[in-house]
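Asks: One structure is given below, represented as structure tokens, and several questions about it will come after.
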Amino acid sequence: MYSFVCILNSARPLSTTATRRDISDLVPTPITHYSEVETAMQEAVQKFANDVILPKVRDMDEAETMDPSVVEQLFEQGLMGIEIPEEYGGAGMNFTSAIVGIEELARVDPSVSVMVDVHNTLVNTAVLKWGSAALKKKYLPKLATSTVGSFCLSEPVSGSDAFALATKAVETEHGYKISGSKMWITNSMEAEFFIVFANLAPEKGYRGITAFVVDKGMKGFEIAKKEKKLGIKASSTCVLNFDDVEVPKENLLGEVGHGYKYAIALLNEGRIGIGAQMTGLALGAWENAVRYVWNDRKQFGQLVGEFQGMQHQIAQSYVEISAARALVYNAARKKEAGEDFVRDAAMAKLYASQVAGRVSSLAVEWMGGMGFVREGLAEKFFRDSKIGAIYEGTSNIQ
């Protein structure tokens, strides 16, 4: 391979100074360089997404339902337990491997991608970090192999101001009783495991917020309404009602009154996942449109992609996608290294969602009428992109 050092040695000297620093031992590693495990993840998910998910994307979007066979195969592929240790039936991989998987899925279907993202970065992470030994033993094997999880924070009166939540919990002889409603809850139709945030001490304000594990079959729990959405239509988004749902003491997640800390930490991490979903979406929209304008669509006797004005747009879009990916993977690496990544995650999500919106919109224009009809994927990528500026922290509060 023509190394960085070889290029330097063969190039015209950058300075006439006789003494130059020896940089022969420096091997620059790009942020998006994958480890062997991450490369295997990318290749496996890319093949799975194209072979299994792609043929079902349009039908799932039209039906606004996730195909159960897709969910089943996500578990079979190990994509629902990426960071769960092998002792609990998970893949035991690193955080960046999860980001790679989320991005690759979004290149084909952002709806499937967000299911995997929420399940891994919010639900599994919460149990791994703050679950008791008993909760881990009971639920992690299920979350890794068969049970979809859901993260229940938002409410009708608390979106961006999440700590204004009105759902209440009271302590009982045998545990806790939860009452209230949640809104905009992802994965709720498919999930059987719910992490619910409720205020156990309203007089303490947000310091009373506590996290609980709720099973789907618990008495008083109800999926009240499934939302009809602009985009990511196959991903379920529902209103949930809790009518004096009795939760056993052992289903307390972490410590009483620490729910607000957990929510902040999880959403900071989750924003990297949403950034990856958006870069995957942008790349998928770009690839889909570029294949068409470089191979099929002709105007004025030549392929549309051969016009210089088009090439400028295509190149600029790819530059922006690459910049967004650099932000996403930088945030992921910093998180893995134990460094402060909060600002990096916010920047990654903000910029990636902006790029996804711009690129998917241009992709529709590049394809002309074929980009506007529901026969292909261009208009779906465009619709799906809008959610990136809204969930897990709106662009206006990043």
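A short reminder: the numbers here are calculations on the coordinates, not readings from a lab. Bear in mind the structure is a predicted one, so any value in this text is a computation, not a measurement. Virtual Cβ from ideal backbone geometry, glycine too; neighbours counted across all protein chains shown.
Asks: Describe numerically, in nm with one decimal, the distance between label points set 7 Å from Cα along Cα→Cβ at residue 204 and at residue 31.
Replies: Placing both labels 7 Å beyond Cα along the Cβ direction yields 3.8 nm.
Asks: Can you give the net charge of the other residues whose Cβ lies under 13 Å from the Cβ of residue 242, counting K and R as +1 and D and E as -1?
Replies: Details: positive: 168, 177, 182, 216, 219; negative: 155, 215, 222, 243, 244, 246.
Counting the neighbours of residue 242, the net charge comes to -1.
Asks: Rank these for me by crowding, 228, 56, 249, 182, going from fewest to most other beta carbons within 10 Å.
Replies: Working: 228 8, 56 18, 249 11, 182 26.
Exposure proxy ranking, most exposed first: 228, 249, 56, 182.
Asks: Still on this structure: Grab the beta carbon distance between residue 230 and residue 128, set R0 = 51 Å, and tell me the FRET efficiency rounded to 0.05. Could you put the intermediate results ahead of the total?
Replies: On the way: r = 33 Å, r/R0 = 0.65.
E(calc), rounded to 0.05, equals 0.95.
Asks: Size of the dipole of the range 261-397 about the Cα centre, Lys and Arg at +1 and Asp and Glu at -1 on the beta carbon, nothing else charged, in debye to 20? Don't skip to the answer; put the middle values down first.
Replies: On the way: 16 positive and 14 negative charges, 35 e Å.
That gives the range 261-397 a dipole magnitude of about 160 debye.
Asks: Along the Cα→Cβ direction, 7 angstrom out, place labels at residue 47 and residue 303. What is the inter-label distance in nm?
Replies: Using points 7 Å along Cα→Cβ, the separation is 2.8 nm.
Asks: Considering the dipole of the chain built from charges on the beta carbon (Lys and Arg +1, Asp and Glu -1) around the Cα centre, which of 327, 307, 37 is farthest to its positive end?
Replies: 307
Asks: Another question, if that's okay. Under unit Cβ charges (Lys, Arg +1; Asp, Glu -1), what dipole magnitude, rounded to 20 debye, does the range 162-209 have relative to its Cα centre? Don't skip to the answer; put the middle values down first.
Replies: Details: 5 positive and 5 negative charges, 47 e Å.
It comes to approximately 220 debye.
Asks: Moving on to the next point. Which of 286, 253, 134 sits farthest toward the positive end of the charge dipole of the chain, with +1 on the Cβ of Lys and Arg and -1 on the Cβ of Asp and Glu?
Replies: Comparing the listed Cα positions along the dipole, 286 ranks first.
Asks: Let me spell out the model: positive unit charges on the Cβ of Lys and Arg, negative unit charges on the Cβ of Asp and Glu, origin at the Cα centre of the chain. What dipole size does that give, in debye rounded to 20?
Replies: With only Lys, Arg, Asp and Glu charged at Cβ, the dipole is about 820 debye.
Asks: Kindly put 206, 329, 260 in sequence by how many other C-beta atoms sit within 10 Å of each C-beta, fewest to most.
Replies: Working: 206 17, 329 25, 260 21.
The fewest-first ordering by Cβ neighbours comes to 206, 260, 329.
Asks: Can you give the Kirkwood hydrodynamic radius of the range 261-397 from its Cα pairs, in Å with one decimal?
Replies: Values: mean 1/r = 0.0644 Å⁻¹.
One over the average 1/r among Cα pairs gives 15.5 Å for the range 261-397.
Asks: Tell me what the chain gives for mean residue ellipticity at 222 nm when only DSSP H runs of n ≥ 4 count, each as -39,500 (n - 2.57), the sum divided by the residue total, rounded to 500 deg cm²/dmol.
Replies: On the way: 13 runs with 179 residues, N = 398.
Here the helix-only value at 222 nm equals -14500 deg cm²/dmol.
Asks: Another one. What distance in nm separates the two pseudo spin-label positions at residue 312 and residue 361, each 7 Å out from Cα along the beta-carbon direction?
Replies: 1.8
Asks: What percent does the relative contact order of the range 313-398 come to when contacts are Cα pairs within less than 8 Å and at least six residues apart? Could the numbers behind the result be given before it?
Replies: Working: 71 pairs, mean separation 21.1, N = 86.
Relative contact order, the range 313-398: 25 percent.
Asks: For a footprinting-style exposure proxy, rank 322, 181 by other Cβ within 10 Å, fewest first.
Replies: Values: 322 13, 181 19.
Arranged by neighbour count, lowest to highest, 322, 181 become 322, 181.
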